[in-house]
Each structure stands twice: as structure tokens, then as C-alpha cells.
Amino acid sequence: MRLLSLLYQFFFRVVLLSLLAVSALADDRKPVSLAVVDLSRSQDALLVNGTLVADRAARLSASVSGLVSKLLVDIGDKVETGAPLIELDAELTRLELQRARADYQQQQATLEDARRRLQEANSLVAKRSIAASEVRSLESEVQVAISGLASSQADVARQQALLKRHTLRAPFSGVISAKLTEVGEWLTPGTTVFELVGSDDLHADFAVPQQYFPQLSLDTGLEVWLEKEDDSESSIAASITAIVPVNDPTARTFTVRASVDGKALTPGMAINGRLQMRSANTRPSVPRDALLRDSQGNVTVWIAEGEDKNLVARRKVVKIASGQSQQVTIVEGLNRGDRVVIRGNESLRDGDKIRVVD
């Protein structure tokens, strides 16, 4: 009996496997995975033009009047922070400094003498050999001498500061872009002597039409490249740092400022940019896996038509928006609710029967 039971189970399994194999052979539908087309805000690409500008630029001038005695740099020279650029004739200021120092020494001697005499007077008070009014007079002389010493000390410091300001130094590292004086010229405070441009840190200013202002934020994607270059290899790292909400009343634009990797770049260069903005309108979108490109360069998708058990693949040519995200915006060719094939679409032909698998 046991042997008969085992034979019966074996026979049942063979029949079941045969039926499954026949069923599979009869099902000629190709397995695919589907995604439903939904609406989303697309990424609109906006081309803009801009100019590279140094983060730091200054028109340098002397803080004291004087005659130019030495020019230590020329146009095009690179300078570090604190480097001397120009020297003014400081002979008179040095003489004034010497006078102030001599006066300071005199005031020190006067104070020492006043203190000595006051000390002697205080020693005679106990013996009642000096009047109290004379002691108070000596105390006043000490206070006057202290004030005179402080005044002369301030005068010395002032002359030292004036002497130091006869040398104009670079406030930051950069390149001398303009030289506006020569040896022998008389300078006054506020007269531009040099123009200094920082060469390390650059930013790009782009003029953007005012209608795009609501769609921009500091998180908006930005690609930049030099003028007459438009390929991925020439793109430059950049990110938006400021959006200036002030319209140019004549051009109807506002400014978008972006930080730029300044290597091999100089201020004044023209630069192009592409802003990746969120569209104000919603459009159909599909996963990037649904897209195929044919030999003519057309972008196509496969749509599942029919009921769930009688699905048929139909090829559809679509137009897509630019961008590199995993969810692609469809400009033309699909509607919300359409079902597109995202896996198993490589070998499909128009009219193939398909079945949905996970």
C-alpha cells in the first residue's frame, strides 16, 4: 500500500507540472512592469548671460596729503595683504615726531621734579616747617605735570600714526588693475591711486527677466560655462548665493548672483548660465526608465492599452524637457493616467501582448 501511495503522488506531480508547462507555453504575453503617468511641476531650463566679477575690488587712496616719492608696484602686479604700494615724502612728519618725542621727555622730567618736591614737602609737614597751602600747590603741579605727559604721549602716537600712513598698503590680496599716479605728484585724501581687484574669489552676475522671479530660490540648480562653450566638459561649478529683488526699470530684469570656481578665470569674462527652475504649471512626468531612443533620435515610450488581462503595447513618440533627474517631464505625447512600461520595454514590438509582473 505504501508503494502504491508513493506511485500515486509521483504521477500527480508529473501531471501537474505538465499542465503548468502547457499553460506557460500557451501564454505568449511578455512580462513587463508599468508606471502610471502623473502630473508634477517640471524643471524649466532658462539660458542667461552674465559677467564674472571679483568678490573684492577697491579704489585705493592715500589717507594723508603728500608728495609721491616711491611707486612700489605697477599695473598687473599681484600683491599680498599688507604689501606696500606707494610711499609719500614723510620728512616733515619725521621731524614733527622727533619734536613730539623731545617734548615727551621734557614732560617726564617735569613730572619727576614735581613729585620729588612734593615728597620733600610732605616730609616737612610733620615738623610744621612748611605751610599746608604750599603742599597743596605742589600737589597741583604734580597733576598738571601728569596731564602734560599724557598730552605729549598722545602727540607722539599721533605723529607715529601719520608717519605710518605715508605708506599705502594693500588691504587684501589681488592684482593691480589700474595705476593712476606717478612719482612727483601731490596726493590728497580721497584721490584714487590704484585699483585693486581680488583674483581668488569670483562671482557671476546674471540678468534674469522679471517674470521668473517667483520661480527662483537659492536652491535653484545652475550650470555655467564660458562664452562660446556649451558642453558638459566645460561646465564650471557654481551655486546661487543671492537673488537681488530690484528690477532694472529699463531692461525689466533682476540680478542673480552665483559663486563660481575661480580657477583659470579672471574678472570681466563673459559667462553663460542655465537655470533649472520649477515651472509654474504642472506637466505629465514618467520615470527615466520608461524612455527609449530610436535610430532617428526620437524619444519613445511603450504604453499599455486595454484591460488588465488583454494588455497590448503601443509605441508612442514623446517630447521631453531638459534635465537629468530620475523623473522626466513630458512636454508632449502623454496624458495623466496613461500607463507606461518601465521594465521589459527593450524587446517590445508594436502590438505585443503584455502581462504585468512586480
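The set of residues from region 45-103 being of a type in the set (Val, Ile, Thr) and more than 30 Å from Asn281 (Cα to Cα) comprises Thr51, Val53, Val64, Val68, Val73, Ile75, Val79, Thr81, Ile86, Thr93. Scanning region 189-216 for residues that are β-branched (Val, Ile, Thr) and under 19 Å from Pro171 (Cα atoms) yields Thr191, Thr192, Val193, Val197. Look at Val224 and say whether it is modelled with pLDDT of 90 or more, in a strand (DSSP E or B), over 30 Å from Val68 (Cβ atoms) and under 14 Å from the mean Cα position of the chain (by Cα). Judged against the criteria, Val224 is not a match.
Answer yes or no as to whether Arg117 is of a type in the set (D, E, K, R), outside any strand (DSSP E or B) and under 30 Å from Ile176 (Cβ atoms).
Working: of a type in the set (D, E, K, R): yes; outside any strand (DSSP E or B): yes; under 30 Å from Ile176 (Cβ atoms): no.
Answer is no for this residue.
Listed by first and then second residue, the pairs linking a residue in region 249-269 that is under 15 Å from Thr220 (Cα atoms) to a residue that is assigned to a loop (DSSP other than H, G, I, E, B) and open to solvent by less than 30 Å² (accessible area, probe 1.4 Å), with Cβ atoms under 9 Å apart and 6 or more places separating them unless they lie on different chains, are Val256/Leu216; Val256/Thr220.
Restricting region 256-311 to residues that are open to solvent by 60 Å² or more (accessible area, probe 1.4 Å) and among the hydroxyl-bearing types (Ser, Thr, Tyr), which is nearest to Ile330 (Cα to Cα)? The selected residue is Thr282. Any chance you could count how many residues in region 58-114 are of a type in the set (Asp, Glu), surrounded by 13 or more Cβ atoms within 10 Å (Cβ to Cβ) and touching a Ser or Thr at 6+ places or on another chain (Cβ under 6 Å)? Number of matching residues: 3.
Any chance region 127-139 includes a residue that's without any contact (Cβ under 8 Å) to a residue 24 or more places away in the chain, open to solvent by 90 Å² or more (accessible area, probe 1.4 Å) and part of a loop (DSSP other than H, G, I, E, B)?
Filtering region 127-139 down to residues without any contact (Cβ under 8 Å) to a residue 24 or more places away in the chain leaves 127-137, 139.
Keeping just the survivors that are open to solvent by 90 Å² or more (accessible area, probe 1.4 Å) gives 127-128, 134, 136.
Now restrict to residues that are part of a loop (DSSP other than H, G, I, E, B): 127-128.
Yes; the residues of region 127-139 include at least one that is without any contact (Cβ under 8 Å) to a residue 24 or more places away in the chain, open to solvent by 90 Å² or more (accessible area, probe 1.4 Å) and part of a loop (DSSP other than H, G, I, E, B).
Taking each residue of region 89-110 that is more than 30 Å from Ser140 (Cβ to Cβ) and looking for partners that are of a type in the set (Gly, Ala, Ser) and surrounded by 13 or more Cβ atoms within 10 Å (Cβ to Cβ) with beta-carbon atoms closer than 6 Å, six or more apart or interchain, yields Asp89/Gly66; Asp89/Ser69. Looking across Ala154, Ala161, one residue alone is part of a helix (DSSP H, G or I) and within 39 Å of the chain's Cα centre (by Cα). It is Ala161. Restricted to region 260-355, the set of strands (runs of 3 or more DSSP E) holding at least 3 residues that are modelled with pLDDT of 85 or more and under 30 Å from the mean Cα position of the chain (by Cα) comprises 270-287.
I'm trying to understand the selection: among the residues of region 54-88, which are touching a Gly at 6+ places or on another chain (Cβ under 8 Å) and closer than 15 Å to Phe172 by Cβ?
Applying the first criterion (touching a Gly at 6+ places or on another chain (Cβ under 8 Å)) to region 54-88 yields 54-57, 61, 67-68, 78-79, 88.
Passing the criteria: Ala54, Asp55, Arg56, Ala57, Lys78, Val79.
Counting just the residues of region 182-212 that are within 15 Å of Gly76 (Cα to Cα) and touching a Phe, Trp or Tyr at 6+ places or on another chain (Cβ under 9 Å), which one comes out surrounded by the fewest Cβ atoms within 10 Å (Cβ to Cβ)?
Gly198
The values are calculated or read from the model by the stated rules, or taken from the named source; none is laboratory data. It should be emphasised that the depicted structure is a prediction, and the values quoted were computed from it without experimental measurement. Here the Cβ is made from the backbone with ideal geometry for all residues, glycine too, and neighbour counts use every protein chain on show. Side chains are part of the model used for accessible areas, which takes the heavy atoms of the whole protein and leaves out ligands, DNA and RNA. Shrake-Rupley method; radii C 1.70, N 1.55, O 1.52, S 1.80 Å.
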